[in-house]
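Student: Below is a structure I'd like to ask you about.
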Amino acid sequence: MARYVFITGGVVSSLGKGLASAALGALLQARGYSVRLRKLDPYLNVDPGTMSPFEHGEVFVTDDGAETDLDLGHYERFTGVSARKTDSVSSGRIYSTVLEKERRGDYLGKTIQVIPHVTNEIKDFIAIGDDEVDFMLCEIGGTVGDIEGLPFFEAIRQFAQDRPRGECVFMHLTLLPWIGAAGELKTKPTQHSVKELRSIGIAPDVLVCRSDKPIPEKEREKIALFCNVRKEDVIAAPDLKSIYEAPLAYHREGLDQAVLDAFRIAPAPAPNLSVWEDVADRIFNPEGEVRVAIVGKYTQLEDAYKSIAEALTHGGMAHRVRVTLEWIDAEIFEREDPAPYLEGFHAILVPGGFGERGTEGKIKAAEFARTREIPYLGICLGMQMAVIEAARNLAGMENAGSQEFDHEAGEERFEPVIFHLKEWVKDNQKIARTVLDDKGGTMRLGAYAATLEPGSKVAEVYGTTTIEERHRHRYEVDIKYREKLEAVGLKFSGMSPDGRLPEIVEWPDHPWFIGVQFHPELKSKPFAPHPLFEGFVGAAKEVSRLV
Ligand code: GLN
């Protein structure tokens, strides 16, 4: 049976609960334990797949094809444990399961209520895979006191009560605001937040307090006294220069020790933090800098491309360079020449996206990278745009485009080089999509294998010819156009194992130009940078040396 750490937050949102959870996971691993992290989100969307990246940040995709909260990306980046469908759930999902069961008559005529039906569903979810790991870390989204979060808080309270004593520990994150006029860090919001938690039956064992100043001894004692924890259980969480410093910083503050103490594990196994020391060393002691332009649509909110930004940082760590990112709105290039914007960058990345807006600008960016021989990485939509660019500008198909975007139905000369895939194979099974499908969950999602052309750039980058990467898209490059495109030099260097779906394209004569139909950024880790990002940043580093 696993031991459980429940992570909750109070006072304000955005305190970095996900990061604290991920860092704790990494620290427990460093002490030799196995862990799994889970996110329980109170919102009513059944999954984040249909939420706008502007509102909710990127949608993280798991190997088994779940569209989840971006916090699962942090979990994977810090622990290396691949998340599963069963590691992320929302109120929407819980309620829809309960309602389905009710319709099926599973409850045998009972009145269906939040307690016990909804809370039981949550508890069952929490316990999935209970016997697989030493520690299960469950983060509850939102803040204590939110109406929609209540069933989750009630469920974890009951869960701890159902288990043998000492098997569940509650960790609560709060904020200590600095009041300049008084020259003090204030503990009252933390006291209130803990009071709120205790009023629903949860007494936190460990308090993680975010503040931009060190916590003076006096305030620490006060928090301990009023919140009913030991002084050592008040963990300071100062702002960090890099998120990858978090495991070391939390360890210095005693987080893992406090958690193990709360479980009464003594003596606790000593941690081996060498991986994180190396990561921190690479981040804080770069030997150069490369500048990468990201030409995208959701450029106002960095979280919309969270995994890409992190994967580029990892690529930089592999080469000991700092990667400076600049986000450029693709729409600008629909009005203006991209040259003045893109000159001076050492590499260009066009990320994934949905819908037509900005796509003509992305095509311009791909053209600029190709003709100026600047390293280019096109991810999903970014690959599709590179293919359209080649079709239009080199293969003589000036009306090449994607079926994703508006065009007159039946328009004669339209060449759908990117077409809407309706049927494909997964694990030897045919999957079909109909127009009647809901918006959510109709994409090619999760891990699919690809076969790489021996001798190609990607085969060299990966160091192998069989790979497996995560997908999230509806449209594909149409193999019908392969011959025409290869005739002008665009090589289809990675294909689905059945040879029907192009997975990777590259320009062999270009220093580094690769487009991939999948999302490599989702699998990159600071301690194991993804080969494509390592290769891409390496190529950018070459360019930076030349200028
Ligand atoms: N909109 C494109 C598709 O659905 C690309 C998706 C993506 O970039 N993730 O195929």
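The values are calculated or read from the model by the stated rules, or taken from the named source; none is laboratory data. Everything numeric here is computed off the predicted structure, so don't read it as measured data. Cβ: placed from backbone, ideal geometry, glycine included. Neighbour counts: every protein chain shown.
Student: Filter the range 252-301 down to residues that are closer than 30 Å to Glu521 by Cα, among the small types (Gly, Ala, Ser) and in contact with a Leu (Cβ under 8 Å, 6 or more places away or on another chain) and give me whichever is surrounded by the most Cβ atoms within 10 Å (Cβ to Cβ).
Tutor: My answer is Ala293.
Student: Just to be sure, is Leu137 modelled with pLDDT of 95 or more and either closer than 18 Å to Val46 by Cα or of a type in the set (A, V, I, L, M, F, W, C) (or both)?
Tutor: So Leu137 fits the description; yes.
Student: On to the next question. Restricting to the range 83-111, what's the tally of residues that are among the acidic types (Asp, Glu) and buried (at least 18 other Cβ atoms within 10 Å of the Cβ)?
Tutor: 1
Student: Still on this model: Suppose the filter is free of Cβ contacts under 8 Å to residues at least 24 places away in the same chain and within 29 Å of Asp256 (Cβ to Cβ); does Arg165 pass it?
Tutor: yes
Student: Go through the range 336-400 and tell me which helices (runs of 4 or more DSSP H), entirely inside it, have 3 or more residues that are within 25 Å of Glu58 (Cα to Cα) and away from the ligand (no atom under 16 Å from the Cβ).
Tutor: Here the list is empty.
Student: Would you check if there is a residue in the range 149-156 being crowded, with 21+ Cβ neighbours inside 10 Å, on the phi < 0 side of the Ramachandran plot and modelled with pLDDT under 95?
Tutor: yes
Student: Any idea which of (1) under 28 Å from the mean Cα position of the chain (by Cα); (2) within 23 Å of Ser493 (Cα to Cα); (3) more than 16 Å from the ligand (Cβ to nearest atom); (4) of a type in the set (D, E, K, R) is the one Arg320 doesn't satisfy?
Tutor: Looking at each condition in turn, Arg320 falls short on (2).
Student: Separate question: Residues that are in contact with a Lys or Arg (Cβ under 7 Å, 6 or more places away or on another chain) and of a type in the set (Val, Ile, Thr): list the helices (runs of 4 or more DSSP H) wholly contained in the range 253-324 that include at least 2 such residues.
Tutor: none
Student: Which strands (runs of 3 or more DSSP E) does the range 471-533 wholly contain that include 1 or more residues that are more than 18 Å from the chain's Cα centre (by Cα) and more than 16 Å from the ligand (Cβ to nearest atom)?
Tutor: It comes to 491-495, 502-506, 513-516.
Student: If you don't mind, another one. Are there any pairs with C-beta distances below 6 angstrom linking a residue in the range 263-277 that is more than 22 Å from Tyr4 (Cα to Cα) to a residue that is of a type in the set (D, E, K, R) and part of a loop (DSSP other than H, G, I, E, B), with the two at least 6 apart or on different chains, and if so which?
Tutor: Between residues of the range 263-277 that are more than 22 Å from Tyr4 (Cα to Cα) and residues that are of a type in the set (D, E, K, R) and part of a loop (DSSP other than H, G, I, E, B), there is no close pair.
Student: Something else now. Kindly list, by first and then second residue, each pair from a residue in the range 145-158 that is over 13 Å from Ile122 (Cα atoms) to a residue that is of a type in the set (Phe, Trp, Tyr) and part of a helix (DSSP H, G or I), limited to pairs with Cβ atoms under 8 Å and residues at least 6 apart or on different chains.
Tutor: none
Student: Assuming Gly32 fulfils every condition listed in (1) of a type outside the set (Asp, Glu); (2) modelled with pLDDT under 95; (3) on the phi > 0 side of the Ramachandran plot apart from one, which condition is it?
Tutor: (2)
Student: Here's a follow-up. Listed residues Arg77, Arg103; which is out of contact with any Gly (no Cβ under 6 Å at 6 or more places or on another chain) and free of Cβ contacts under 8 Å to residues at least 12 places away in the same chain?
Tutor: Result of the check over Arg77, Arg103: Arg103.
Student: Only one of these conditions is not met by Gly109: (1) without any contact (Cβ under 8 Å) to a residue 24 or more places away in the chain; (2) touching a strand residue (DSSP E or B) at 6+ places or on another chain (Cβ under 7 Å). Which number is it?
Tutor: For Gly109, the exception is condition (2).
Student: If only one of Pro511, Pro454, Pro497 is farther than 30 Å from Thr86 by Cβ, surrounded by fewer than 18 Cβ atoms within 10 Å (Cβ to Cβ) and either among the aliphatic types (A, V, I, L, M) or out of contact with any Pro (no Cβ under 8 Å at 6 or more places or on another chain) (or both), which one is it?
Tutor: Pro454
Student: Any idea which of (1) over 18 Å from the mean Cα position of the chain (by Cα); (2) surrounded by fewer than 22 Cβ atoms within 10 Å (Cβ to Cβ) is the one Ser52 doesn't satisfy?
Tutor: Condition not satisfied by Ser52: (1).
Student: Looking at the range 184-216, which of its residues are surrounded by fewer than 13 Cβ atoms within 10 Å (Cβ to Cβ) and either touching a residue at least 60 places away in the same chain (Cβ under 8 Å) or part of a loop (DSSP other than H, G, I, E, B) (or both)?
Tutor: Passing the criteria: Asp212, Pro214, Pro216.
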